[in-house]
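Structure first, commentary second.
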Amino acid sequence: MKAIDNKELILALEELEKEKGIKKSYVIESIETALVTAYKRNFDALENVRVDIDKNTGATHLYAIKEIMERANDDATEISLEEAHKINKDLKLGDTVEVEIVPKDFGRIAAQTAKQVIVQKLREVERDLIFTEYSERKGEIVSGIIQKADKNIVVVDLGRIEGIMLSKEQVPTEKYRVNDKIKAYIVDVERGLKGAPQVMISRSHPDFVRKLLEFEIPEIYEGLIEIKSVSRDAGSRSKVAVYSPDPNIDPVGSCVGAKGVRIQNIINELNGEKIDVIEWDEDPSIYIASALLPAQILAVDIKEEDKFAEVIVPDDQLSLAIGKAGQNARLAARLTNWKIDIKSESQYRKLLEEKQNEEEILEESSEENKD
């Protein structure tokens with residue numbers, strides 16, 4: 001029987017392997033598998049079939065796999081011993097034999113199937129390339145155009161792929177509008193439906209602020225200044241701790257810039273979010289005092305083993321140190337990774353007096369017991 005020849009298929013697959021790195025043998029195996037399915041679907045066939053494509057000529061052969069019986073009761077799955085011996089005299093009852101078949105129009109179906117498989121494999125390769133590219137860019141800032149925006153999800157056109165910003169990654173105070181251009185931070189790259197890559201982006205992540213600082217301030221990008229920590233209430237306020245081992249470099253001044261120009265560019269990108277830049281110090285009491293700026297601090301008493309700090313501030317600085325809804329204290333605690341308890345000078349003195357009174361009562365009680 002005449003086989004289905006397709007030398008052009010082989011040439012196309014060889015070109016594909018050369019340009020895209022898709023193995024010819026891998027695509028041929030995929031086409032063979034797809035052709036079995038296509039044959040059964042198009043011909044309502046019950047046979048157990050196998051497709052073989054010659055890797056050099058592209059000749060496509062379709063075989064029905066049949067069991068050898070004394071007499072064939074089902075021509076789709078069985079063959080008589082007499083007929084089997086016409087193929088191979090060594091065959092015996094119970095063996096299986098492959099019988100080549102060439103259904104009408106199978107050549108057209110084979111060509112269509114091959115094309116579909118090749119297109120599919122190209123898409124898979126493109127998806128893998130995009131997945132690899134953006135996986136390597138995880139932790140970077142990207143720019144794009146908003147394609148869809150609602151309270152649950154914002155979809156951003158990044159060029160070759162869309163970025164997805166879920167509600168938890170959005171800034172509550174920001175409004176996202178279709179066709180607006182925005183920047184965002186790549187949080188993760190995942191495999192979605194059918195293996196399609198999904199780039200998960202964020203504007204609320206603390207590292208978005210970190211990356212904006214790296215982009216805006218050359219000394220950070222060059223490693224002369226190190227960002228030690230970032231804490232953030234997205235849309236409201238961020239605190240950033242910076243450090244430079246070079247005593248000639250003022251890390252805070254370099255980040256803020258002349259007349260605040262450098263930090264203002266970042267504030268503008270964050271739509272007015274306030275940014276406190278403080279200097280990191282290896283002494284936790286100094287570091288914690290700086291983290292609570294703009295409040296003035298009188299004293300910091302630390303318990304190293306518990307990472308707990310008791311902070312004393314002037315009476316008129318208590319509300320400033322704690323901040324609205326506790327924000328300043330909360331951000332300072334996140335920044336330093338210390339538990340912080342803030343007390344006013346009056347509160348602290350009162351506690352000392354109460355403690356002193358308790359000690360005196362205990363002492364008097366002890367004296368009475370002796371008597």
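Name the one entry in VAL142, VAL125 that is in contact (Cβ under 8 Å) with a residue 24 or more places away in the chain, on the phi < 0 side of the Ramachandran plot and in the same structural domain as LEU158 (by TED's automatic domain parsing).
VAL142
All but one of (1) of a type in the set (D, E, K, R); (2) under 22 Å from GLY323 (Cα atoms); (3) touching a strand residue (DSSP E or B) at 6+ places or on another chain (Cβ under 6 Å) hold for LYS228, so report the exception by its number.
(2)
When you go through GLU47, GLU98, GLU67, GLU78 one by one, which is the residue that is more than 30 Å from ILE161 (Cα to Cα), of a type outside the set (A, V, I, L, M, F, W, C), surrounded by 14 or more Cβ atoms within 10 Å (Cβ to Cβ) and in contact with a Ser or Thr (Cβ under 6 Å, 6 or more places away or on another chain)?
Testing whether each residue is more than 30 Å from ILE161 (Cα to Cα), of a type outside the set (A, V, I, L, M, F, W, C), surrounded by 14 or more Cβ atoms within 10 Å (Cβ to Cβ) and in contact with a Ser or Thr (Cβ under 6 Å, 6 or more places away or on another chain) leaves just GLU67.
Looking only at the range 101-134, filter to residues that are more than 41 Å from the chain's Cα centre (by Cα) and assigned to a helix (DSSP H, G or I); which one of those is surrounded by the most Cβ atoms within 10 Å (Cβ to Cβ)?
Ranking the candidates gives PHE106 first.
Go through the range 20-32 residue by residue and tally those that are surrounded by fewer than 16 Cβ atoms within 10 Å (Cβ to Cβ) and either assigned to a helix (DSSP H, G or I) or not assigned by TED's automatic domain parsing to the domain that holds THR113 (or both).
The qualifying residues number 4.
Could you please let me know if GLY58 is part of a loop (DSSP other than H, G, I, E, B) and in contact (Cβ under 8 Å) with a residue 40 or more places away in the chain?
Yes; evaluated as a whole, the condition is true for this residue.
Tell me which residues, restricted to the range 200-223, are outside any helix (DSSP H, G or I) and modelled with pLDDT of 95 or more.
Answer for the range 200-223, where residues must be outside any helix (DSSP H, G or I) and modelled with pLDDT of 95 or more: MET200, ILE201, SER202, ARG203, SER204, HIS205.
Residue-by-condition table, conditions (1) part of a loop (DSSP other than H, G, I, E, B); (2) among the aromatic types (Phe, Trp, Tyr); (3) closer than 30 Å to ASP128 by Cβ; (4) assigned by TED's automatic domain parsing to the domain that holds LEU129:
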{"site": "GLU14", "(1), (2), (3), (4)": "no, no, yes, yes"}
{"site": "LYS18", "(1), (2), (3), (4)": "no, no, yes, yes"}
{"site": "ALA34", "(1), (2), (3), (4)": "no, no, yes, yes"}
{"site": "LYS40", "(1), (2), (3), (4)": "no, no, yes, yes"}
{"site": "VAL49", "(1), (2), (3), (4)": "no, no, no, yes"}
{"site": "ASP52", "(1), (2), (3), (4)": "no, no, yes, yes"}
{"site": "TYR63", "(1), (2), (3), (4)": "no, yes, no, yes"}
{"site": "ALA84", "(1), (2), (3), (4)": "no, no, no, yes"}
{"site": "VAL99", "(1), (2), (3), (4)": "no, no, no, yes"}
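Based on what the data block shows, is ILE182 assigned to a strand (DSSP E or B), within 27 Å of LEU270 (Cα to Cα) and touching an Asp or Glu at 6+ places or on another chain (Cβ under 6 Å)?
So ILE182 does not fit the description; no.
Restricting to the range 135-178, and then to whatever is part of a strand (DSSP E or B) and among the polar types (S, T, N, Q), can you tell me which residue is surrounded by the most Cβ atoms within 10 Å (Cβ to Cβ)?
GLN147
For the range 225-232, check the following and say yes or no: at least one residue is within 22 Å of LEU318 (Cα to Cα), modelled with pLDDT of 95 or more and outside the structural domain of LYS168 (by TED's automatic domain parsing).
Yes, some residue in the range 225-232 is within 22 Å of LEU318 (Cα to Cα), modelled with pLDDT of 95 or more and outside the structural domain of LYS168 (by TED's automatic domain parsing).
Go through the residues of the range 157-172 one by one and say whether even a single one is without any contact (Cβ under 8 Å) to a residue 60 or more places away in the chain, on the phi > 0 side of the Ramachandran plot and under 19 Å from the mean Cα position of the chain (by Cα).
Yes, there is a match, as at least one residue in the range 157-172 is without any contact (Cβ under 8 Å) to a residue 60 or more places away in the chain, on the phi > 0 side of the Ramachandran plot and under 19 Å from the mean Cα position of the chain (by Cα).
The values are calculated or read from the model by the stated rules, or taken from the named source; none is laboratory data. Note that the structure is predicted; figures quoted are calculated from it, not measured. Every residue, glycine as well, gets a Cβ built from its backbone with ideal geometry; the counts of neighbours run over all protein chains shown.
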